[in-house]
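What follows is a single structure, written as structure tokens, with notes after it.
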Amino acid sequence: MTKIIFLRHAETEKDPNVNAKEWGLSKEGEENARKILSIPELMEVDRIYSSCEKKAFLTVKPIANKLQKEIIQLSFFDEIKRGDKFLSKEDFEKEKHLQLEDIDYHAFNGESGREALLRFKEGVERTKEECKEETVIIATHGTILNFYFADILNAQKEIFKRWEKTGFCSYGIVKEGKVIKDII
């Protein structure tokens, strides 16, 4: 069976003048992306996938370089689609809380958590079909990861608390539809 390691991207350098999809990594994020090279499980992969967002790609780039593997970018693994507007910290936290408490809420004028979860799960299923008996990394994002893991663990009422505990470069492992290592 396919073993999937889900990796949350490293810390980003936020820029209010640039769409969040194009944000790069902060200095600390770059350092953390290099530090994950010391995690043995992440060095034993057959394929590397990433969302199409720059921060996720840059997080797995050191792994790809070390293992001499290509990074396959798929939009299935993008964060929940959001609008382009940069929000204040307070407004962002308010929208994020509403988004994580109500899976059907369209936060940030984007897709709902349910829509994103269905998209993400479709990508996971396609990956499992393409990568039978392989170990893969999927570099992705905190919100969608928490919807996905909560779905598997039947922990939908705990998504906001789980999201608050999900650090940058956190990773979880799923094999045969079961959580082997939780993301938090």
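No value in this document is a laboratory result; all are computed from the given coordinates. Model, not experiment: these values are computed from the prediction. As a convention, Cβ positions derive from the backbone with ideal geometry for all residues, glycine included, and neighbour counts pool all protein chains shown.
In terms of other Cβ atoms within 10 Å, Ser50, Ser112 run from fewest to most in the order Ser112, Ser50. In the distance distribution for the chain, Cα-Cα pairs more than 19 Å apart total 55 percent.
If you take the square roots of the eigenvalues of the alpha-carbon gyration tensor of the range 133-184 and sort them as a ≥ b ≥ c, do you get rounded (a/c under 1.5), prolate (a/b over b/c) or oblate? The shape class here is oblate. Among Arg126, Arg119, the order by Cβ neighbours within 10 angstrom, fewest to most, reads Arg126, Arg119. Distances between placed amide hydrogens fall under 5 Å for Ile72 paired with Ile48, Tyr49, Ser50, all partners being 5 or more residues away or on another chain. Helical runs assigned H by DSSP (4 residues or longer) give the chain a calculated mean residue ellipticity at 222 nm of -12500 deg cm²/dmol, each run adding -39500 (n - 2.57) before division by the residue total. Sorting His97, His106 from the fewest to the most surrounding beta carbons within 10 angstrom yields His97, His106. Entry note, the chain: relative contact order of 33 percent, from Cα contacts under 8 Å with a spacing of 6+ residues. Top mean-square fluctuation among Cys169, Cys52, Cys131, Gaussian network model of the chain, C-alpha springs under 10 Å? In this elastic network of the chain, the residue with the biggest mean-square fluctuation among Cys169, Cys52, Cys131 is Cys131. Coupling constants for the range 173-182 follow from the phi torsions by the Karplus curve (6.51 cos²θ - 1.76 cosθ + 1.60, θ = phi - 60°), and in residue order they are 10, 10, 9, 6, x, 10, 6, 8, 9, 6 Hz; glycine and proline get x.
Charge dipole (Cα centre; +1 on Lys/Arg Cβ, -1 on Asp/Glu Cβ; no other charges) of the chain amounts to roughly 340 debye.
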